[in-house]
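Below: one structure, written as C-alpha cells.
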Amino acid sequence: MDSPGVVAAFWVLSALTVGSALAVFLSRNLIHAVVFLVASFLGMAGLFITLSADFIAVAQMLIYAGAVSILMVFAVMLTPLAARDNANSLFVLPGVALGAAFAAVVGYTAVNVDWPQVAGEALDARSFADTVRGIGDALLGPYLLAFEMASVLLLAALLGAIVLVREDRS
Amino acid sequence: MSRFAAWQALRAMGPASFPIGVRARAVPRLRGLRVAGALAALVLVAVSIAIGVVVVSGVLDGRWYDLRDLGIAMAHLRGRLDERFDPAVSYVASALIGATGILGFVGLVLLVLVWVERRVLARMQIRRGPNRVGPFGLLQPVADAIKLIQKETIIPRGADRLMYYLPPLLVFIPLMLVMGALPWAPRMIYLDLNVGVLYVIAVSSLSTLAIFMAGWSSNNHYALLGAMRTIAMMISYEIPQSIALLPVVLITGSMSLGGIVEWQADHNLWLAPMLPLALFTFFFASTAELNRTPNDIAEAESEIIAGFHTEYSGMKFGLYYAVEMGNATAVAALVTTMFLGGWSAFGLEEWVPPYAIFAVKVSAVYFLFIWLRGTLPRFRLDQLMAFAWKYLIPLSILNTFVVAVESSIAARWEVAGVVSLGLITLFNLGFTIVAARAWTRALGYRPQRERLLRPRLTTAVGGLLAAQRLQREATPDSASGA
Amino acid sequence: MSLPETLTVTLAHYLALSGVVFGIGIAVALSKRNAIAVLMGVELMLNGVNLALLAFSRFGAFAGGTEPLAGHAFVVFVLTVAAAEAAVALAMAVLVYRRRETVDLDRISLMRW
C-alpha cells in the first residue's frame, strides 16, 4: 500500500467522496443532491479499486450509480408537488451533532487502536488478481443459505414495489 | 407529359441520370494511366508476397517491429524504459500512449462515420447524400463541425447552469471507458479487466444520469419528457442486455473481454451461432441503449422535437451527435468481441493484423445498425417497454438457464470439444426458434392469416389498416375468415 | 519506490474515512425533510459500511479469517439488501405522495403521539 499511485488515488478519491457527500447535505436542490450522491458513489467505487476489490467496485457502479440513483430520480420526478429544496427538518442540530460525534468516535478509534494488520508479503498476497472466482465460491459455498435468502428478498422487494405503486384501474 | 411521368422516366434510366448537380466533365484519359496502374498492381503483389514470406518464416514473431500486434512493440518500449527509469515512468508513458491511441481512434471514427452513415442512409432512401464538400463529400463532417463551432451557444432562460454545461462532456466518459476495455489484438488491450463484461455494462449505464441532467436542466417540457423516456427505456433494456451476456460468460468461463475472444480463437468458433438468442437480445437491447432507430424514442423528432438535447445548440449539440456515433461504434465492437470472434478469424489473424480484422467486423456490425435505421419504423413507447419486459427478459432468463445446464453437462461429459460444442450449437438454434415462436404465441401474437393480394393505394385516413379494411370490403368472402 | 511512513495508506485511514462517510450519512438521514433525501443518507451510511468491510478484508489479520474473500461476500449481500431497500422505500415514498401529496416527513405525522 505504499506505491505513490495508490496513495495519491486514495487521497483524491476520498476527497471526492467526502466532498460530494457533504454536498448532498448542503445543496439546496434535491436533483443536485442526487447528482452529488452519484459522484460520491463513484468515488467510493474508486476507493474499492484501491482495495483491489474490482468486482465490488464494478457492482457498486452498476447498482448504486446506475440503478439506485435512477430510482431516486424517478421518485423525485413522480412527486411533482413535493418540495424540491432539500430543506432540513427540525432535527437538524441533533442530526448533525450525532453524525459528527459518530465520525469523531470512529475516527478516534480507527487511529488509536492497534489493529491486527497483515503487512509485507501477506499484504501483497491479499492484492487479489481475480476476485470473481473467489466471491463466486464463497457465495455458493459457505454462504449459500444467505445467498438464496438474498435472492428471495430481491424477488419480494420487486413484487412489493410493483404492488405498492400499482394504480387501481377500478 | 406530367412531372410525375417525367420523373418516372428519369428513374427508369437509372440513378446516374438523376438531374441532380453538375455532372463531372469527362476527363481525357491519360495514356500513362494504365501503365501506372499495372505497375502499381505489380508492386502491390510483390509487397504482398514479401509480407507473406516474412510472416511465414517467423522472423517477425515477438520482435518490436512485429506490427501485427502493436502490444508487442509497446511491451518492448516498456522494457526499454524500465531499464533506465523508475517503473512509474514506463507506466505513465504507456498509459499516455494508449490513451492517445484511443482518443485518436475515436476522433477518426467520428469524422468518418458521420459521412458513412449519411451516405449509406441516403443510398437506402434512393438519394445522394452529402457529395459536395471534398471528394465524394468526404469533408462534409469537417464542414459540419466548423459550422457547429461557429454557431452561437444559446442557454435557455431558467436553465440550471452547472447541470446544463456538464452533460455534453459527461456523456463522453462512458464512451471512452468502454473503448479502453476493447481487445484489439492478443496483446493490444489497454485495460484487460477480470470483470470486463460487468465493467462494460456498468460504465455504459452511467450515461443515463448525464442524459437526465441534460433534460432536466434545460427547463423545457420536451427535453424533460425525452429524458424521462430515455431513462425508462435504458433502465428496462439494461436488464436484457446484461442477462444476454451471461450465456457468453457461462460458455467461455471468463469475464474478461480478452479471455472471451481468446476462447473463440482457441476453439475456432464464433459464439454467434452458438447463442443466437443472446446475440439477438444483446443487439436489439443495444439499439435501445443507443437511442437509435427503431428505438429512438428518446429523440423521436416527430413527437418531442429532439428529446433531451432540444435546448442544446452549436457544438454542444455536435458533441451529443458525436457521442451517439461513438456509442454505436462501441456497441458494434462489443457485439464483435462477444459474439463474432473479436480479432480472430479462423487463422487469418496470423497473416493480417488482428486489429484490421476487428475493424472490418466492427464496420460490418455498424453497417447493420445503419441498415436497421434505414429500414424499420419507430416503436411506440409502450410497445418498446412491453417488448423488453414481456419478451426479451423472460426469454433471455430462459436462455441463460438452458445454457447453464448445457455448459455444466459439457463440463462433465468426456467427449471431444467439437461434438459437445456442435450439439450445443444445434440445440440452441432449435431452442431459439421454438422458444421465440412459442413465446410470441403465448403472448397472443398471431401471424397474419389473410394474404394481401397486392398493395393498394388509398386516400383514406389510416394507412395500412384502412387499406386492409378497403380490401376486405372489396372481397367479402375473405373478411368472414378474419 | 517507498514513501515515508507518514504517507502510506493503512487500515486506519480507510476506517476513519468510512466513519466520516457514515457520519455524513447519519446527518443527512436525520436532518432532511424530504423522504427521498433521507434515503440518500441511508445509502451513504451503507457505503461507509461497505468501505469498512472491504478494508478489513484487505488488511485485517484475524484468527478466524480463513476465508479471504468473506468481506467481499458480505458487501455483495449489503449491495443486494440496499437495492431491495431502495426499491421498496422509493415505492413507499411515491405511495405516500399519492395519498397525501407530500413526502415531507415533518408533515407525515399520522402515527406520532
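Go through the residues of region A:24-33 one by one and say whether even a single one is facing chain C (nearest Cβ under 7 Å), in contact (Cβ under 8 Å) with a residue 40 or more places away in the chain and farther than 17 Å from B:Ser205 by Cα. Yes, region A:24-33 contains a residue that is facing chain C (nearest Cβ under 7 Å), in contact (Cβ under 8 Å) with a residue 40 or more places away in the chain and farther than 17 Å from B:Ser205 by Cα. Can you confirm whether B:Gly196 is farther than 16 Å from B:Ala322 by Cα, assigned by TED's automatic domain parsing to the domain that holds B:Thr336 and in contact with a Ser or Thr (Cβ under 6 Å, 6 or more places away or on another chain)? Here the answer is yes, as B:Gly196 does meet what is asked. Collect the residues in region C:41-59 that are at pLDDT below 90 and at the interface with chain A (Cβ under 7 Å from one of its Cβ atoms), keeping them in residue-number order. Scanning region C:41-59 gives C:Leu54, C:Ala55, C:Arg58, C:Phe59. Counting only helices (runs of 4 or more DSSP H) that sit wholly inside region B:229-348, those with at least 1 residues that are polar (S, T, N, Q) and over 16 Å from the mean Cα position of the chain (by Cα) are B:257-266, B:301-304. Please verify whether B:Gly107 is free of Cβ contacts under 8 Å to residues at least 40 places away in the same chain, part of a loop (DSSP other than H, G, I, E, B) and not assigned by TED's automatic domain parsing to the domain that holds B:Phe369, treating the condition exactly as stated. Criteria not met by B:Gly107. Residues in region B:182-214 that are within 7 Å of chain A (Cβ to nearest Cβ), among the hydrophobic types (A, V, I, L, M, F, W, C) and not in a helix (DSSP H, G or I): B:Leu193, B:Val195, B:Leu206.
The test for being closer than 24 Å to B:Ala214 by Cβ, within 7 Å of chain B (Cβ to nearest Cβ) and in contact with a helix residue (DSSP H, G or I) (Cβ under 6 Å, 6 or more places away or on another chain) holds for A:Ala65.
The condition (being among the hydrophobic types (A, V, I, L, M, F, W, C), more than 29 Å from A:Leu164 (Cβ to Cβ) and surrounded by 17 or more Cβ atoms within 10 Å (Cβ to Cβ)) is satisfied by just one residue among A:Val111, A:Val106, A:Val35: A:Val106. Filtering region A:135-153 to residues that are loosely packed, with under 12 Cβ neighbours inside 10 Å and among the β-branched types (Val, Ile, Thr) leaves only A:Val152. Selection of first residues in region B:178-192 that are of a type in the set (Phe, Trp, Tyr) and of second residues that are part of a loop (DSSP other than H, G, I, E, B) and modelled with pLDDT of 80 or more, restricted to Cβ pairs under 7 Å at least 6 apart or on distinct chains, gives the following pairs, ordered by first then second residue: B:Trp184/B:Trp343.
Remark: B:Ala244 falls outside the filter, which requires a residue to be in contact with a Pro (Cβ under 7 Å, 6 or more places away or on another chain) and either more than 23 Å from A:Val34 (Cβ to Cβ) or surrounded by 23 or more Cβ atoms within 10 Å (Cβ to Cβ) (or both). Out of the residues in region A:75-96 meeting the condition of being surrounded by 15 or more Cβ atoms within 10 Å (Cβ to Cβ) and more than 7 Å from chain C (Cβ to nearest Cβ), tell me which one is nearest to C:Gly23 (Cα to Cα). Result: A:Arg84. Search region B:118-163 for residues being in a loop (DSSP other than H, G, I, E, B) and among the acidic types (Asp, Glu), and hand back the single one that is nearest to A:Arg84 (Cα to Cα). Among those that are in a loop (DSSP other than H, G, I, E, B) and among the acidic types (Asp, Glu), it is B:Asp160.
The values are calculated or read from the model by the stated rules, or taken from the named source; none is laboratory data. Just so you know, these numbers come straight off a predicted model, no measurement behind them. All Cβ positions, glycine included, derive from the backbone under ideal geometry; neighbour counts span all protein chains shown.
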